[in-house]
Amino acid sequence: MVIDDQTCMVEFALRTMSFYAHESCGWCIPCREGTDWLKKTLTRFHAGFGTRSDIDNIQYLAENMLGRTFCPLGDAAAMPTIAFVKKFRKEFEDHLNGMPCPFAREGVPQLTVV
Ligand code: SF4
């Protein structure tokens, strides 16, 4: 997957987690609760209502999903989330100013997650 430097990685993390939360069959708790909790937290965070502790909590939760689910979907949701926070922490911190996504551009629709 190729992603340019104009892409908000918090939004990309949210899009990714929305997919996994939708696909989770709900059989095991770390996947069912973890993907839903991460989706809700990333939604709030991307909207500009995140806190600094959310960043560590997102990583902590994803790390605790890893290896604790019945099928690979839980790991598949956790691994990119851990990488998003580790490699793009600055972009997460840029969302802490109480404003909407700093990557928002005119003409580019903002993510709507249902
Ligand atoms: S890890 Fe697999 S089995 Fe467990 S809830 Fe997720 S999709 Fe279902």
Consider only pairs whose beta carbons are under 9 Å apart and that are at least six residues apart or on different chains; among these, list those whose first residue lies in the stretch 41-59 and is within 13 Å of Ile82 (Cβ to Cβ) and whose second residue is open to solvent by 20 Å² or more (accessible area, probe 1.4 Å) and outside any helix (DSSP H, G or I).
Asn57/Thr51
Just to be sure I understand, how many residues within the stretch 84-97 are open to solvent by less than 40 Å² (accessible area, probe 1.4 Å) and under 28 Å from Cys25 (Cα atoms)?
2
Scan the stretch 60-70 for residues that are open to solvent by less than 70 Å² (accessible area, probe 1.4 Å) and touching a residue at least 24 places away in the same chain (Cβ under 8 Å) and jot them down.
Leu61, Ala62, Asn64, Met65, Thr69
So is Gly107 modelled with pLDDT under 95 and either acidic (Asp, Glu) or more than 15 Å from the chain's Cα centre (by Cα) (or both) or not?
yes
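The values are calculated or read from the model by the stated rules, or taken from the named source; none is laboratory data. Quick caveat: nothing in here was measured; it's all calculated off a predicted structure. We place every Cβ from the backbone using ideal geometry, glycine too, and count neighbours over all the protein chains shown. Remember, those area values only see protein heavy atoms, side chains included, never the ligands or the DNA or RNA. Shrake-Rupley method; radii C 1.70, N 1.55, O 1.52, S 1.80 Å.
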